[in-house]
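Below is one structure, written out as structure tokens, with a few remarks after it.
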Amino acid sequence: MFLLGVAALIAGAVLVVYGVIPQQQANYQFLAAMHVPVTDSSGNFILSPENYFKQQYTGAGSVDHVVCSVATGGWECYGYQFIGTITVFSTSSMIYGAGLLAVGALAIFAGRRWSNAVIEAPTTRPIRIRIDEDICLANGVCVALAPQVFQFKKNDSPTIFAPMPEVMDPLGADNDKILEAARMCPTGAIIIEDEETGERIHPPFPKN
């Protein structure tokens, strides 16, 4: 997200700069309109209505530019005379550039917020680990993923029930590994809280 935001900022800046650079554009004055048929007076097909317009035009001024569009029975053509150049700016480039700058800034802001959230929760925060034995299935996923943290309880007497896991060493693995083990628990029996604030980290409380 952050890198996309940077790319959008760069592209937006380029477009804005391009938009504020003055450019010279040809300026034309309208002369006349003419309907150009499909064939000429000799019955020959007119392949270039623009050239036909220039040849048939007899009004004042010189035809320097012709624009034609398809019409019924031929073309509708408009002749223009070149009268100089004018200075223009690319308004569309400035608009699109400003839009990209805004999108880039939002993407960078969101990327930094998301990145900070990933770093803070719960990689470096002191945590408290509890196991809810009422919903624990004792399938051993947590023991397999973080054996230095979780161990099965030792039963002093024979029993038909599977031994429950318990927290042996809350500092036996980094917080990311512990959180991974908690997320892999199918019933969400592993509860992780912020040691200082008591804030629930995992599993999240259901939304109303």
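With within 44 Å of the chain's Cα centre (by Cα) and closer than 26 Å to F205 by Cβ as the only criterion, which of A144, A138 stands out? Break it down stepwise before answering.
Working: A144 fails: closer than 26 Å to F205 by Cβ.
Just a single option satisfies the conditions, and that option is A138.
Which of the strands (runs of 3 or more DSSP E) found entirely inside the stretch 1-97 contain at least 2 residues meeting this: surrounded by 11 or more Cβ atoms within 10 Å (Cβ to Cβ) and hydroxyl-bearing (S, T, Y)? Walk me through it before giving the result.
Details: elements: 23-37, 65-71, 74-88.
Per the criteria, 74-88.
Going by what's in this entry, would L9 be described as touching a Leu at 6+ places or on another chain (Cβ under 8 Å) and not aromatic (F, W, Y)?
On the way: touching a Leu at 6+ places or on another chain (Cβ under 8 Å): yes; not aromatic (F, W, Y): yes.
In short, yes.
Considering each of P165, P203 in turn, give the residue that is at pLDDT below 90 and either within 15 Å of R130 (Cβ to Cβ) or touching a Pro at 6+ places or on another chain (Cβ under 6 Å) (or both). Step through it out loud before you land on a result.
Numbers: P165 fails: at pLDDT below 90.
Exactly one of P165, P203 is at pLDDT below 90 and either within 15 Å of R130 (Cβ to Cβ) or touching a Pro at 6+ places or on another chain (Cβ under 6 Å) (or both), namely P203.
Filter the stretch 12-50 down to residues that are touching a residue at least 12 places away in the same chain (Cβ under 8 Å), farther than 16 Å from H65 by Cα and small (G, A, S), then give me how many there are.
Of the residues in that region, 3 qualify.
Please work out which one of (1) modelled with pLDDT of 90 or more; (2) in contact with a helix residue (DSSP H, G or I) (Cβ under 9 Å, 6 or more places away or on another chain); (3) closer than 28 Å to I95 by Cα is the condition C77 fails and give its number.
All conditions are met except number (3).
Criterion first (at pLDDT below 70 and either under 19 Å from M184 (Cβ atoms) or out of contact with any strand residue (DSSP E or B) (no Cβ under 6 Å at 6 or more places or on another chain) (or both)) does E120 satisfy it? Don't jump to the end; show me each part of the working.
Values: at pLDDT below 70: yes; either under 19 Å from M184 (Cβ atoms) or out of contact with any strand residue (DSSP E or B) (no Cβ under 6 Å at 6 or more places or on another chain) (or both): yes.
Spelling it out, E120 is indeed at pLDDT below 70 and either under 19 Å from M184 (Cβ atoms) or out of contact with any strand residue (DSSP E or B) (no Cβ under 6 Å at 6 or more places or on another chain) (or both).
The values are calculated or read from the model by the stated rules, or taken from the named source; none is laboratory data. Since this is a predicted model, take the numbers as computed values, not measurements. When we count neighbours, we look across all protein chains shown, and the Cβ atoms used for this are built from the backbone with ideal geometry, even at glycine.
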